[in-house]
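Down below is the structure, laid out as structure tokens.
The values are calculated or read from the model by the stated rules, or taken from the named source; none is laboratory data. For clarity, every value in this text was computed on a predicted model and none was experimentally measured. Neighbour counts run over all protein chains shown; Cβ positions are idealised from the backbone, glycine included.
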Amino acid sequence: MSGYLTILTIFALIICSIILYRIFRNKDFREILKYSLAGIFFAIIDFIIEYLGTSTGKWTYFESIFFIFGLVPIELLILFFSSGVILRFIFLNLNKIKIPVKTDAIFYILMIFTSILYLREIYQYTESSLLPLALVFGMWGLLHISKDNREGVLILAILITILDYFVEIWIVSSGSYKYITGFSIHIPLIYGLLSLGFLAIMEKMHKLDRFLDSLIIRNLLRMFGVYRERYKNKINRAKRKMKEVYNKRSNF
């Protein structure tokens, strides 16, 4: 395991070094500082998580070049420092990357794929989880919610998640129902993610209402809807008149 970790760390460090070298060559020392801070932030967060996990026995590493406090492999700090630098580089250059596939298409493909996997798990009576599908659906929803509503929708989704957590705990503890695999935190998380997707759909429906209420669409609907019979009668009368004229000419 450590061998794979070391190889991955070396690979990430090489990419990180190339990025920092390019910036150093441009003598943009402020950017070097920003990239370094991003890497240090990632490394510190990972170290805290790794130390808490290894010190409490949640997981254990057996091999490393050097163990920090005898628990955390030093490779992980180098790996996550490099990851922070690489992620910052990707984030700053996202607008320059030309992706031939639209974002919506990617989300729809992922939703179809995760739906098929979910249905397959149910069909095979294996342990199934709606979390991957809910995650994709929630991300799609967050992407499509307007900036004006995004903050409010996020707060609402968090409230739904918290509310469902306490409601589930209360109902399960009362014995009203139970989960085969036991209650897990991912269940209220699924409800929160699904709410993001459904709220985005509701906002799109609201935009559809505004579109249908526009003057042009109202006139079109009036023409082909409310006044459709009137125009139909006019067309029929015109046809009858044309037929009468044709018949008179035929008689002559």
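Out of segment 46-76, which residues are surrounded by fewer than 12 Cβ atoms within 10 Å (Cβ to Cβ) and either within 18 Å of A12 (Cβ to Cβ) or acidic (D, E) (or both)?
The one that is surrounded by fewer than 12 Cβ atoms within 10 Å (Cβ to Cβ) and either within 18 Å of A12 (Cβ to Cβ) or acidic (D, E) (or both): F66.
Please determine whether any residue of segment 83-106 is over 22 Å from the mean Cα position of the chain (by Cα) and either at pLDDT 80 or above or within 30 Å of H144 (Cα to Cα) (or both). Don't jump to the end; show me each part of the working.
Here is the first cut: in segment 83-106, the ones over 22 Å from the mean Cα position of the chain (by Cα) are 85.
Now narrow it down to the ones that are either at pLDDT 80 or above or within 30 Å of H144 (Cα to Cα) (or both): 85.
Scanning segment 83-106, I find at least one residue that is over 22 Å from the mean Cα position of the chain (by Cα) and either at pLDDT 80 or above or within 30 Å of H144 (Cα to Cα) (or both), so the answer is yes.
What about E75, is it of a type in the set (D, E) and at pLDDT 85 or above? Walk me through it before giving the result.
Working: of a type in the set (D, E): yes; at pLDDT 85 or above: yes.
Taking the combined requirement at face value, the residue satisfies it.
So which residues in segment 1-22 are modelled with pLDDT of 85 or more and of a type outside the set (S, T, N, Q)?
The answer is I10, F11, A12, L13, I14, I15, C16, I18, I19, L20, Y21, R22.
Confirm whether Y51 is farther than 16 Å from I68 by Cα and in a helix (DSSP H, G or I).
no
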